[in-house]
Amino acid sequence: MCGIFGFVSKEKINATPVIIDGLKRLEYRGYDSAGLALMTGRGIFCRKKAGRIFELEKVVGNNIESNIGIGQSRWATHGKPSDKNAHPHFSCDKKIYLVHNGIIENFKELRVKLEKRGHVFRSDTDTEVAAHLIEDFSKSYSFEEAVRLALKSIVGTYAFVIVNADNPTTMIVARNSSPLLVGLSDTHKFVASDASAILPHTRKVVYLHDGEFAILTPSDFRIATLDRKAVSRDQELIEWSQDEVKKNKFPHFMLKEIYEEPDAVENAIRGRLIVKDGLAKLGGLELVEDKIKRLNRVIISACGTAYLAGLTGEYMLEEYGEIPVEVEYASELRYKKQKFDARTALLSISQSGETADTLGALKEAKRKGALNLGLVNVVGSSIAREVDAGVYNHAGPEIGVASTKAFVSQLAVLSLLALFIGRQRDMSLVIGRRIASELSVLPDKMKRVLKEAPNIKKIARKYHKYDHFLYLGRKYNYPVALEGALKLKEVSYIHAEGYGAGEMKHGPIAMIDKNFPSMVIIPSDSMREKVLSNIQEIKARDGKVVAIATEGNKEISKIADDVIYIPKTLEMLTPMLSVMPLHLFAYYVGVMRGYDVDHPRNLAKAVSVE
Ligand code: F6R
């Protein structure tokens with residue numbers, strides 16, 4: 001949700017390509033407008049443009065020498081996407097320029113006060129007040145102190161990168177509940193919303209914490225709290241490689257990431273299974289192992305696709321972990337009167353680790369005394385830092401806005417967790433071994449599903465002009481049906497509804513006719529006969545059916561219009577296979593309808609606003 005980027009270098013460099021490249025790498029976080037500001041020998045050069053980053057590129061030129069620059073790619077919250085609302089925003093005297101990710105909640109009252117003091121605003125954004133506020137304090141204080149005082153007056157969430165023409169070698173950055181990291185190389189310093197933007201330059205990073213700001217100059221870098229306490233923080237090394245954040249041979253990140261789904265599961269389970277003992281080894285939970293033994297309830301909290309992974313996890317943990325589970329949208333949980341105690345665990349699931357609703361619910365549960373566990377992809381992210389203990393899913397960077405590989409890797413970790421908790425309780429060695437051994441061969445089975453891609457593409461071609469779809473599944477595959485529908489909506493803007501197949505007859509069946517096809521997940525498991533009846537009900541009403549079925553199920557091809565086969569596995573693990581055709585189907589349909597599937601309209605990765 002907005003990508004921000006900046007650099008400070010010892011020598012002057014050709015700055016625009018550096019900023020534009022950084023922004024392009026962050027574009028998945030927001031892409032309705034973009035802008036940059038560069039310190040030059042003749043003051044600050046600033047350009048802002050509505051639209052994608054290539055629109056900005058057209059107006060900035062390619063040879064501006066600078067040793068300090070900032071940029072932002074925006075996802076609008078306050079004020080429509082337009083040139084004037086694009087960042088950077090600046091002070092009346094055009095000396096202070098800043099970019100921002102987050103929301104300034106008290107911007108209205110600040111704006112009124114500043115207008116009374118003569119400040120003239122040029123945009124409809126919340127962000128602009130910060131530039132005027134710093135300008136106001138600058139009349140009596142140094143740049144650093146003016147920023148500090150301004151930050152203390154601001155209520156809300158932010159990552160800021162700020163420059164000042166009167167201090168041409170200084171950049172100040174600050175963070176409160178929006179991600180920000182500093183990358184360090186011998187000659188340059190970088191700031192960015194996430195690591196993918198600085199990987200071409202360095203892998204050495206320092207993460208800023210909430211309530212901290214940092215001062216960067218060509219020769220210096222220091223961090224302090226807003227109460228002026230100096231902070232010393234070790235550098236960390238980013239594990240991601242450059243290749244992971246490039247499309248390579250794929251036309252879209254979404255397709256690349258679907259093809260990475262087998263690797264994502266492989267990476268999630270690597271070193272975490274002891275097959276002969278039927279055990280899962282989760283190092284991140286070792287410190288709280290005894291507390292987990294005593295739990296009598298788990299609440300899973302997440303949003304979007306991560307929530308749907310949580311719904312699948314509910315079936316896994318209840319059946320094999322033998323523990324009652326509730327799954328809540330984080331955006332609702334925080335406003336519920338929930339009872340948390342030491343025997344309740346809140347498991348927050350988040351790919352980005354920055355989703356504001358998930359973070360908010362977690363902070364509330366923490367206050368009430370729950371054991372806070374996390375299942376997070378981005379190392380060092382806010383949620384990862386806030387929980388008591390947790391497990392990283394190690395899916396690698398997910399750049400496509402629609403979540404794909406993160407989902408399957410979340411499922412892999414949830415199945416490990418079910419095994420981990422189950423074996424702490426009554427799960428037998430035999431069952432434990434069966435789960436562990438089947439999980440260990442699952443990535444190979446997932447690779448087999450990818451071989452179905454040409455068939456899935458053919459089916460997408462046949463159905464891509466339909467305007468409505470129903471997605472059905474039962475038990476473990478009910479959340480998969482919801483995920484399939486969500487993905488189709490996101491990247492192809494087609495109306496799609498996901499339902500538990502058993503619920504169809506309680507309402508949705510009224511919509512079925514020859515123009516309303518259904519994607520039905522029917523693996524050969526405990527639900528097969530029931531789902532088969534549901535398919536018959538659809539066929540009796542002239543509905544078309546695409547079935548996701550287990551290899552060897554010949555009968556289904558006589559009833560369904562089209563079939564996509566997946567390998568056989570344990571019922572609990574089926575979702576990691578059955579979701580893959582649905583991800584591919586959504587991808588192909590989106591592309592066939594002519595959309596940019598990596599940048600769906602109105603969406604952004606890492607939703608850091610509530
Ligand atoms: C769907 C999607 C979103 C995210 C949701 C949570 O394809 O990407 O629904 O799953 O915004 O994001 P994280 O997992 O980063 O908390």
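The values are calculated or read from the model by the stated rules, or taken from the named source; none is laboratory data. All values reported here derive from a predicted model rather than from experimental measurement. Counting neighbours? That spans all protein chains shown, and the Cβs are built from the backbone with ideal geometry, glycine included. When the accessible area is computed, the model is the full protein with side chains, heavy atoms only, and any ligands, DNA or RNA have been set aside. Shrake-Rupley method; radii C 1.70, N 1.55, O 1.52, S 1.80 Å.
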Where nothing but the Cβ of Lys and Arg (+1) and of Asp and Glu (-1) is charged, how large is the charge dipole of the range 169-224 around its Cα centre, in debye to the nearest 20? 80
With a 1.4 Å probe and every protein chain left in place, work out the accessible area per residue of the range 275-323 in Å², rounded to a whole number. 41
Say R0 is 35 Å: what FRET efficiency, to the nearest 0.05, do residue 248 and residue 461 get from their beta-carbon distance? 0.90
Accessible carbon and sulfur surface of the range 5-49 relative to its total accessible area, %, 1.4 Å: 46
Can you compute the charge dipole magnitude of the chain about its Cα centre, using +1 on each Lys and Arg Cβ and -1 on each Asp and Glu Cβ, nothing else charged? Give it in debye, rounded to the nearest 20. 520
With unit charges on the beta carbons (Lys and Arg positive, Asp and Glu negative) and the dipole taken about the Cα centre of the chain, which residue among 545, 522, 399 sits farthest to the positive side? 545
Using θ = phi - 60° and the Karplus relation 6.51 cos²θ - 1.76 cosθ + 1.60, list the HN-Hα couplings for the range 582-591 in order, rounded to whole Hz, with x at every Gly or Pro. 6, 5, 5, 4, 4, 4, 4, 4, x, 5
Of the cross-linked pairs 368/475; 58/95; 10/246; 366/487; 24/48; 229/366, which ones have a Cα-Cα span greater than 22 Å in the structure shown? 368/475; 58/95; 10/246; 366/487; 229/366
Residues of the range 3-237: accessible area per residue with a 1.4 Å probe, Å²: 38
Give me the number: length gained by fully extending residue 209 to residue 385, i.e. 0.36 nm times residue separation minus the C-alpha to C-alpha distance, one decimal in nm. 62.4 nm
Charge dipole magnitude, Cβ of K and R +1, D and E -1 - the range 3-237, Cα centre, debye nearest 20: 320
Regression test value, accessible area per residue of the range 414-498, probe 1.4 Å, units Å², expected 38
If I take R0 = 56 Å and measure r between the Cβ atoms of residue 506 and residue 222 in this structure, what FRET efficiency does the formula 1/(1 + (r/R0)^6) give, to the nearest 0.05? 0.35
At a 1.4 Å probe radius, carbon and sulfur cover how many percent of the accessible area of the range 144-270? 47
Would you check the range 512-577 for Lys pairs whose C-alpha atoms are within less than 20 Å, ignoring same-chain pairs closer than 8 in sequence, and give me the count? 14
Along the charge dipole of the chain, which of 327, 46, 146 sits closest to the positive end, that is, farthest toward it, with unit charges on the beta carbon of Lys, Arg, Asp and Glu (+1, +1, -1, -1)? 46
Between residue 318 and residue 42, the FRET efficiency computed from the C-beta separation at R0 = 56 Å comes out, to the nearest 0.05, as 0.25
Grab the Cα-Cα distance for residue 141 and residue 337, subtract it from 0.36 nm times how many residues apart they are, and report the gain in nm with one decimal. 66.0 nm
Find, among the GluC sites (Glu not before Pro) in the range 230-270, those assigned to loop by DSSP (not H, G, I, E, B) with at most 14 other beta-carbon atoms within 10 angstrom. 239
Pull up the DSSP beta bridges for the range 249-448 and report the antiparallel fraction as a percent, rounded to 5. 10
Computing the accessible area with a 1.4 Å probe over protein heavy atoms, can you report the carbon and sulfur percentage for the range 451-602? 50
Length gained when the stretch residue 559-residue 431 is fully extended (0.36 nm per residue, less Cα-Cα span): 42.6 nm
The aspartates and glutamates whose Cα lies under 16 Å from the Cα of residue 276, excluding any fewer than 8 residues away in the same chain, are 438
How would you classify the range 249-448 from its alpha-carbon gyration tensor, with a ≥ b ≥ c the square roots of the eigenvalues: rounded for a/c under 1.5, else prolate if a/b is greater than b/c, otherwise oblate? oblate
Rounded, prolate or oblate (a/c below 1.5 giving rounded, otherwise prolate when a/b exceeds b/c) for the range 176-267 by Cα gyration tensor: prolate
Quick one: work out the % antiparallel among DSSP beta bridges in the chain, nearest 5. 65
What are the ³J(HN,Hα) values, in whole Hz, obtained from phi via the Karplus relation 6.51 cos²θ - 1.76 cosθ + 1.60 with θ = phi - 60°, for each residue of the range 189-198 in sequence order, with x given for Gly and Pro? 10, 10, 10, 7, 5, 8, 5, 4, 6, 9
Once the dipole of the chain is set up with Lys and Arg at +1 and Asp and Glu at -1 on Cβ about the Cα centre, which of 566, 372, 556 lies farthest towards its positive end? 556
For the range 3-237, what class follows from the C-alpha gyration tensor (a ≥ b ≥ c being the square roots of its eigenvalues): rounded when a/c is under 1.5, otherwise prolate if a/b is larger than b/c, else oblate? rounded
